[in-house]
Amino acid sequence: MAPAERCGLCRQTFFCGRGHVYSRKHQRQLKVALERLLPQVEAARKAVRAAQVERYVPEHERCCWCLCCSCEVRKHLSHGNLTVLHGGLLEHLASPEHKKATNRFWWENKAELQMKEKFLISPQDYARFKKSMVKGLDSYEEKMAAQIREVEQSRQEVVRSVLEPQAVPDPEEGSSAPGSWKGTNSQVASISQQPSYLDLPPAPELDWMETGQPLTFIGHQDTPGVGNVHSGATPPWMALDEEYSSGNQQIGPSYEEFLKEKEKQKLKKLPPDRVGANFDHSSSTGAGWLPSFGRVWNNGRRWQSRHQFKTEAAARNKQSHKEKS
């Protein structure tokens, strides 16, 4: 029997030696895996002649799986705040390590030789990509410079519009005759000759405590002994009521009642037919008292309680059967 070998494409162990790579299942899995990688390689080939440069975003850190090298490869090439699309994948496809791994992969898996060239980038194509990348960086810098100049120009226009003095509006809209300008100038001169309200002295503030004013001060209306929130007194919602101010009335059950109720809750969880369930613990007994070994600490002997218990159990069973029927 041939030694066991592991196939990474089929994800199984086979014992048929090298004959597994010729099987229909292996060739089908190989074709599916290559078709999954081929669209990404074709998109990278389109960037050889026209490299695209964009501003860096976290999505540009995405990686793709190289089937030939069995490793993850960065799809884009980023430096600082700029990213060259498909630059990382093209750099990997043009490396000699990838070429060596591709030759070994095609030989081990018996793939079609016509498809091997689709997954390789020649040194000439990679040099062409470098030139287009330089052109793309230059065009991106020119584009950013144009945007900066446009923003600066719009900012200067805004500042100029704010700093320029506003022209006096013409009362006769649409008239450009010299007489209209003369009338406007005469109006401006007459306005300048009139006294300005800004030059008047400020009006004196009225003192409402003077004797000749119509308002009368009636004094503070604070009740002695009773304040409010603003004077530092206790708010009404925190003041104690008269019926509870004495402190004699207790709210809720006492601690002893709480312990009794807690003990009752514990006893409810126990079976009702246990030994000592009907025993009265509050009964007074003498010093020589000993409990009888009857049923539930009552009277009689154990054999009597056993027969009595069987009789009552049979009666309960008979009554339950009657209720069901």
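The values are calculated or read from the model by the stated rules, or taken from the named source; none is laboratory data. Predicted model only: the values in this text are computed from it and were never measured. Note that each Cβ is placed from the backbone with ideal geometry, even for glycine, and that neighbours are counted across all protein chains shown. Please note that ligands, DNA and RNA were not included when accessible areas were found on the heavy atoms of the full protein model with its side chains. Shrake-Rupley method; radii C 1.70, N 1.55, O 1.52, S 1.80 Å.
Looking at Glu141, Glu108, Glu157, can you tell me which residue is acidic (Asp, Glu), surrounded by 10 or more Cβ atoms within 10 Å (Cβ to Cβ) and at pLDDT 85 or above? Show your work before the answer.
Values: Glu141 fails: at pLDDT 85 or above; Glu157 fails: at pLDDT 85 or above.
Just one listed residue meets the conditions, Glu108.
Would you list the strands (runs of 3 or more DSSP E) that sit entirely within the range 1-78 and hold 2 or more residues that are touching a residue at least 12 places away in the same chain (Cβ under 8 Å) and open to solvent by 30 Å² or more (accessible area, probe 1.4 Å)? Break it down stepwise before answering.
Numbers: elements: 5-7, 12-14, 53-55, 63-66, 71-74.
Strands (runs of 3 or more DSSP E) meeting the threshold: 53-55, 63-66.
State whether one or more residues within the range 292-305 are among the hydroxyl-bearing types (Ser, Thr, Tyr) and either at pLDDT 65 or above or open to solvent by 80 Å² or more (accessible area, probe 1.4 Å) (or both). Don't jump to the end; show me each part of the working.
Just the residues of the range 292-305 that are among the hydroxyl-bearing types (Ser, Thr, Tyr), to begin with: 292, 305.
If we keep only those that are either at pLDDT 65 or above or open to solvent by 80 Å² or more (accessible area, probe 1.4 Å) (or both) as well, we get 305.
Yes, the range 292-305 has at least one match.
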